[in-house]
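Below you'll find the structure, written out as structure tokens, and then a few comments.
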Amino acid sequence: MNSIEIIVLNFSEIRRRSIKLWSAIPEKYLNWKPDENAFSCIEMIRHVLEGEHLFHKIIENRGNLGEYQSPWKELPYTSLKNELDFAEDYRNSFINMIHQLSESDLEHIRIERSEVGQSKKLGDYLNRIAYHESVHTGQLLSYLRTIGVERANIWD
């Protein structure tokens, strides 16, 4: 495997495990959150899906978001299926973008986000995107433990 294939595999495995976890959340708990300032379960799922699109736009623009408008802005929260269906084309576009990269791109393309003081190599930035979803998977596991719901075994 080359670096691009490993990166795509990592994104695929993280999302597979996320969906396995998300699918195990009983519908009645999708709006549950541990406190008033936290994301609900469905808000966190959307945050992950929408965040990946945002990161994709950051990569396309090499850091500058410009006048970014989220496609999720007016979308009501309804169900996990709706969230996944809505995000599917954006996810495919993101993965296709990664497939188009070269090994050299990972090292030589820089993502410059002066508004947050970041300057990262593309390979580094892609790993940070994957980490973002993984962190939120861990948060949702904690949510389910707190409310006493059986957690999906994502450690296969």
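When the chain is fully extended, how far beyond the present Cα-Cα distance does Ile19 get from His108, taking 0.36 nm per residue of separation?
28.8 nm
Placing +1 at every Lys and Arg Cβ and -1 at every Asp and Glu Cβ, with all other atoms neutral, what dipole size does the range 1-107 have around its Cα centre, in debye to the nearest 20?
360 debye
For the range 50-126, what class follows from the C-alpha gyration tensor (a ≥ b ≥ c being the square roots of its eigenvalues): rounded when a/c is under 1.5, otherwise prolate if a/b is larger than b/c, else oblate?
In terms of gyration-tensor shape, oblate.
Once you place label points 7 Å from the Cα toward the Cβ at Asn127 and Leu141, how far apart are they in nm?
2.0 nm
How much net charge surrounds Asn31 when only other residues with a Cβ under 15 Å from its Cβ are counted (Lys, Arg +1; Asp, Glu -1)?
Around Asn31, the charge tally is -2.
Using R₀ = 41 Å, calculate the FRET efficiency as 1/(1 + (r/R₀)^6) where r is the Cβ-Cβ separation of Asn61 and Glu150; round to 0.05.
0.45
What label, among [x] 12.9; [y] 10.0; [z] 11.9, belongs to mean projected area of the Cα convex hull in nm² computed from the structure on display?
Here the calculated entry is [y].
If we sort 133-142, 106-115 on the protection proxy, mean other Cβ atoms within 10 Å, highest first, what's the order?
Ranking, from highest mean packing down: 133-142, 106-115.
Which residue, Ile129, Ser142, Ile98, has the largest displacement toward the positive end of the dipole of the chain when charges sit on each Cβ (Lys, Arg +1; Asp, Glu -1)?
So the residue we want is Ser142.
Largest first, what is the accessible-area ranking of Glu52, Glu13, Glu88, Glu36 with a 1.4 Å probe?
Ranked list, largest accessible area first: Glu36, Glu88, Glu13, Glu52.
Can you give the accessible area of Ser119 in Å² (nearest 10), computed on protein heavy atoms with a 1.4 Å probe?
Its heavy atoms expose roughly 50 Å² to the probe.
Of Lys28, Lys57, Lys20, which is the most mobile in a GNM of the chain whose springs link Cα atoms less than 10 angstrom apart?
Lys28
For Phe55, Phe86, Phe94, write out the residues from largest to smallest accessible area, computed with a 1.4 angstrom probe and no ligands counted.
From most exposed to least exposed: Phe86, Phe55, Phe94.
Hey, what did the range 1-114 get for relative contact order, percent, Cα under 8 Å, at least 6 apart?
36 percent
Need one value: the accessible area of Tyr29 in square angstrom, 1.4 angstrom probe, rounded to the nearest 10.
Roll a 1.4 Å probe over it and Tyr29 shows about 60 Å².
Please list Asp156, Asp85, Asp105 in order of solvent-accessible area, largest first, computed with a 1.4 Å probe with all protein chains present.
Of Asp156, Asp85, Asp105, the descending order of accessible area is Asp156, Asp85, Asp105.
The values are calculated or read from the model by the stated rules, or taken from the named source; none is laboratory data. A quick note: this is a predicted structure, and the numbers were derived from the prediction, not measured. Cβ atoms come from the backbone with ideal geometry, glycine included; neighbour counts cover every protein chain shown. Side chains are part of the model used for accessible areas, which takes the heavy atoms of the whole protein and leaves out ligands, DNA and RNA. Shrake-Rupley method; radii C 1.70, N 1.55, O 1.52, S 1.80 Å.
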